[in-house]
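First up is the structure itself, then whatever we jot down about it.
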Amino acid sequence: QVQLVESGGGLVQPGGSLRLSCAASGNIFSIYDMRWYRQAPGEQRDLVATITRGGSTNYADSVKGRFTISRDNAKITVYLQMNSLKPEDTAVYYCNAEIRTRSSATIRDYWGQGTQVTVSS
C-alpha cells in the first residue's frame, strides 16, 4: 500500500506565497518522476510541474518563474514553492508520483488527495 499526503494549501492574498508538500509512504521500492497537477472548478486537471529522479525540472508556461518544484529523496517528499500567486492559480493541487512497490516490478502512478489553494483579496 502506498500513500501520498499533501499539505500546505490555504488562503493567500495575490502576490503572496505558499509552499506545498507531498510525502510518500508505504511499501515503496523506488520513486521515479514526481509531479504537481492542479484542477480549478469546472476545468480539467492540468500538469503544473515535473521533477525527475535526477532532479531535472519542467514547468507549465503559466507558472514559469513563479513556482519551483523540488524533492527530498531521503524523505520521499516533493515540494512546490509558489511565489507571486495570482487569483488564476486558485485550484485544488494534487501530487502524483511514479512508484514501484516492493511487491511488484510494475511502475504505476499514485495520487494524493489534493489540497486547496485559494488566491483572493
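Exactly one residue out of Arg19, Arg71 is of a type in the set (D, E, K, R), in contact (Cβ under 8 Å) with a residue 12 or more places away in the chain and surrounded by 15 or more Cβ atoms within 10 Å (Cβ to Cβ): that is Arg71. The residues of segment 100-112 that are part of a loop (DSSP other than H, G, I, E, B) and touching a Phe, Trp or Tyr at 6+ places or on another chain (Cβ under 8 Å), listed by number, are Arg102, Gly112.
Collect the residues in segment 44-61 that are open to solvent by less than 50 Å² (accessible area, probe 1.4 Å) and assigned to a loop (DSSP other than H, G, I, E, B), keeping them in residue-number order. Those that are open to solvent by less than 50 Å² (accessible area, probe 1.4 Å) and assigned to a loop (DSSP other than H, G, I, E, B): Thr52, Gly55, Ala60. Restricting segment 1-41 to residues that are among the small types (Gly, Ala, Ser) and in a strand (DSSP E or B), which is farthest from Arg66 (Cα to Cα)? The residue in question is Gly26.
Within segment 80-108, the residues that satisfy the criterion of being without any contact (Cβ under 8 Å) to a residue 24 or more places away in the chain and open to solvent by 70 Å² or more (accessible area, probe 1.4 Å) are Ala105, Thr106, Arg108. Only residues that are on the phi > 0 side of the Ramachandran plot and either among the hydroxyl-bearing types (Ser, Thr, Tyr) or under 13 Å from the mean Cα position of the chain (by Cα) (or both) were counted across segment 39-86, and they come to 2. Filtering segment 62-99 to residues that are among the hydroxyl-bearing types (Ser, Thr, Tyr) and part of a strand (DSSP E or B) leaves Thr68, Ser70, Thr77, Tyr79, Tyr93, Tyr94. If you go through segment 109-120 and pick out every residue that is touching a Pro at 6+ places or on another chain (Cβ under 9 Å), surrounded by fewer than 17 Cβ atoms within 10 Å (Cβ to Cβ) and either hydrophobic (A, V, I, L, M, F, W, C) or within 15 Å of Ala24 (Cβ to Cβ) (or both), you end up with 0.
The values are calculated or read from the model by the stated rules, or taken from the named source; none is laboratory data. Every value quoted in this text rests on a predicted model; they were computed, and no experiment measured them. FYI the Cβ positions are ideal-geometry reconstructions off the backbone, even for glycines, and counts take in every protein chain you see. Note: accessible area is taken over every heavy atom of the protein model, side chains too, but ligands, DNA and RNA are not part of it. Shrake-Rupley method; radii C 1.70, N 1.55, O 1.52, S 1.80 Å.
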